[in-house]
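A.B. asks: First the structure, which I've put down as structure tokens, then a few questions once you've had a look.
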Amino acid sequence: MSAEELKLSCPAPKEGGAEITLAHGSGGRVMHRLIRDVFQAAFQDPELKRAHDGAFLASERTGLAFTTDSFVVRPLFFPGGDIGSLAVHGTVNDLAMCGAEPLYLSCGFILEEGLPLETLQRVALSMAKAAKEAGARVVTGDTKVVERGKGDGIYINTAGIGRRLVEPAPEPARVRAGDAILVSGDIGAHGAAILSVREGLTFETALQSDSAAVWPQVKALLDAGVELRCLRDLTRGGLATTLNEIAASANIGLSLDESAVPVRPETAAACEVFGLEPLYMACEGRFAAFVPEAQAKKALGILGSGALVGRAVERHPGEVRMTTRIGVERILDMLSGEQLPRIC
């Protein structure tokens, strides 16, 4: 077979390059390298070095958390949500991962010339509804319009401020060997729902995005006295990438049990059709929680649909290893590139 015949149609991104590629927004190794080499190097702020979902701000009266996010999902409307509700959920969930109650949001709209006004109204009303349900207020914003063909309909940028209700805040540095790793529900549904719309797939059971605000679940855990060592929402790069980020940041080993990870049958079917791995598929209403082993059962009772999927271990620090369904242990690495772009 010739070298030309062996050429991949979708090659892995080059390790070094002079241009931005889709892989730089994937949540994988290429994006992490971009953040480290460009943004952290330029701004040199200790809060950025935490590599958390948000920053912790000092305040005379109370601790605050601050986060920002941007949303370029395609299509604008999908089963279970749209770019407006997704923007709210993504932002308040980042605050929740800091142990913070969402309070205030800003939103910036970048609109493309020719966008139907009815579409914008639908998005704005959806955003308002999601914010109200999350207990947050949209208090400031901005609008810009770009020429036809330059903006793909709507892009949204958000920022959020929340009140921290737990001290010390959940973060990777607090993870200890023996901690239980919980997920708050089944994984990969958001990415699968986006994929189904783009490719026109239909299944016996309709695929629905898991997009939702997770603060109520986090607040319930806090109210019950569960010690939340670390929290992370499972967005770009999915569960596998999230666990790799935590393992590297905490310099601790993580052991995952593949058979314990909850995946909806329709999500698994969509991934199988396209040769994708559910562990790397994005969620927008799911999170991973690290809690002391003794509190795992209590936490699962509060989460309801959650699952214990693994533990932090002393061996293989900085690595995530997974025991497969056939009992073989393998390294669960972080992807370099992008499984599915434009999912948030």
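A.B. asks: Going by Cα centres, the stretch 60-104 and the stretch 196-242 are how many Å apart?
C.D. replies: Cα centroid of the stretch 60-104 versus Cα centroid of the stretch 196-242: 13 Å apart.
A.B. asks: Name the shape class, rounded, prolate or oblate, that the alpha-carbon gyration tensor gives for the stretch 172-331, where a ≥ b ≥ c are the square roots of its eigenvalues, rounded holds for a/c under 1.5, and otherwise prolate holds if a/b is larger than b/c and oblate otherwise. Present the calculation step by step, with values, prior to reporting the outcome.
C.D. replies: Details: a/c = 2.03, a/b = 1.38, b/c = 1.47.
Here the stretch 172-331 falls in the oblate category.
A.B. asks: Oh, and also: For the pairs Lys129/Lys298; Lys132/Lys298; Lys132/Lys219; Lys129/Lys219, flag any whose C-alpha to C-alpha distance is greater than 22 Å.
C.D. replies: The pairs that break the limit, which is 22 Å between Cα atoms, are Lys129/Lys298; Lys132/Lys298.
A.B. asks: Under the classification rounded if a/c is under 1.5, otherwise prolate if a/b is larger than b/c and oblate if not, where does the stretch 106-202 fall, given a ≥ b ≥ c as square roots of the Cα gyration tensor eigenvalues?
C.D. replies: Judged from the Cα gyration tensor, the stretch 106-202 comes out oblate (a/c at least 1.5, b/c at or above a/b).
A.B. asks: Dipole size in debye (nearest 20) for the stretch 237-344 around its Cα centre, Lys and Arg Cβ +1, Asp and Glu Cβ -1? Spell out each step's value before the answer.
C.D. replies: Details: 10 positive and 13 negative charges, 65 e Å.
Dipole of the stretch 237-344, to the nearest 20 debye: 320 debye.
A.B. asks: With charges only on Cβ, +1 for K and R and -1 for D and E, what is the dipole size of the stretch 80-215 about its Cα centre, in debye, rounded to 20?
C.D. replies: On the way: 12 positive and 17 negative charges, 79 e Å.
Approximately 380 debye in magnitude.
A.B. asks: As an exercise, identify the GluC sites (Glu not before Pro) in the stretch 79-120 lying in DSSP coil whose Cβ has no more than 16 other Cβ atoms within 10 Å. Mind dumping the intermediate values first?
C.D. replies: Working: sites: Glu112, Glu113, Glu118; in loops: Glu113.
Loop-located and lightly packed - Glu113.
A.B. asks: Would you mind ranking Ile326, Ile110, Ile194 so that the residue whose beta carbon has the fewest other beta carbons within 10 Å leads the list?
C.D. replies: Ascending number of Cβ neighbours within 10 Å: Ile326, Ile110, Ile194.
A.B. asks: Let me ask something additional. Mind putting a number on the dipole of the chain about its Cα centre? Charges go on the C-beta only, +1 for Lys and Arg and -1 for Asp and Glu, and I need it in Debye to the nearest 20.
C.D. replies: 600 debye
A.B. asks: Rounded, prolate or oblate, given the Cα gyration tensor of the chain, with a/c below 1.5 counting as rounded? Walk me through the intermediate numbers first.
C.D. replies: Details: a/c = 1.37, a/b = 1.06, b/c = 1.29.
It is rounded, given that a/c, with a ≥ b ≥ c, falls under 1.5.
A.B. asks: Among the GluC sites (Glu not before Pro) in the stretch 143-226, which ones are in a DSSP loop with at most 12 other Cβ atoms within 10 Å of the Cβ? Mind listing them?
C.D. replies: Passing both the DSSP loop test and the Cβ count: Glu147, Glu204.
A.B. asks: Would you tally the net charge around Glu101, using a Cβ to Cβ cut-off of less than 11 Å, leaving Glu101 out, and scoring K and R as +1, D and E as -1?
C.D. replies: +3
A.B. asks: What residues qualify as long-range amide H neighbours of Tyr104, i.e. H under 5 Å apart, gap of 5 or more or another chain, H built at 1.01 Å from N?
C.D. replies: Arg137, Ile161
A.B. asks: Using the count of nearby Cβ atoms within 10 Å as a rough guide to exposure, how do Arg148, Arg174 rank from fewest to most?
C.D. replies: On the way: Arg148 10, Arg174 15.
So the ranking, lowest neighbour count to highest, is Arg148, Arg174.
A.B. asks: A follow-up question, please. Picking from Leu228, Thr140, Val73, whose Cα lies most toward the positive end of the charge dipole for the chain (charges on Cβ: Lys, Arg +1; Asp, Glu -1)?
C.D. replies: Of the candidates, Leu228 comes out farthest on the positive side.
A.B. asks: Here's another thing I want to ask about it. Between Thr119 and Glu314, how high is the FRET efficiency from 1/(1 + (r/R0)^6) when r is the Cβ-Cβ distance and R₀ = 35 Å? Nearest 0.05.
C.D. replies: Step by step, r from the Cβ atoms, then E = 0.10.
A.B. asks: By count of other Cβ within 10 Å, fewest leading, how are Thr324, Thr267 ordered?
C.D. replies: Arranged by neighbour count, lowest to highest, Thr324, Thr267 become Thr324, Thr267.
Every number here is computed from the coordinates shown, using simple stated rules; none is lab data. Every value quoted in this text rests on a predicted model; they were computed, and no experiment measured them. Using ideal geometry, Cβ is built from the backbone for each residue, glycine included, and neighbour counts are taken over all protein chains shown.
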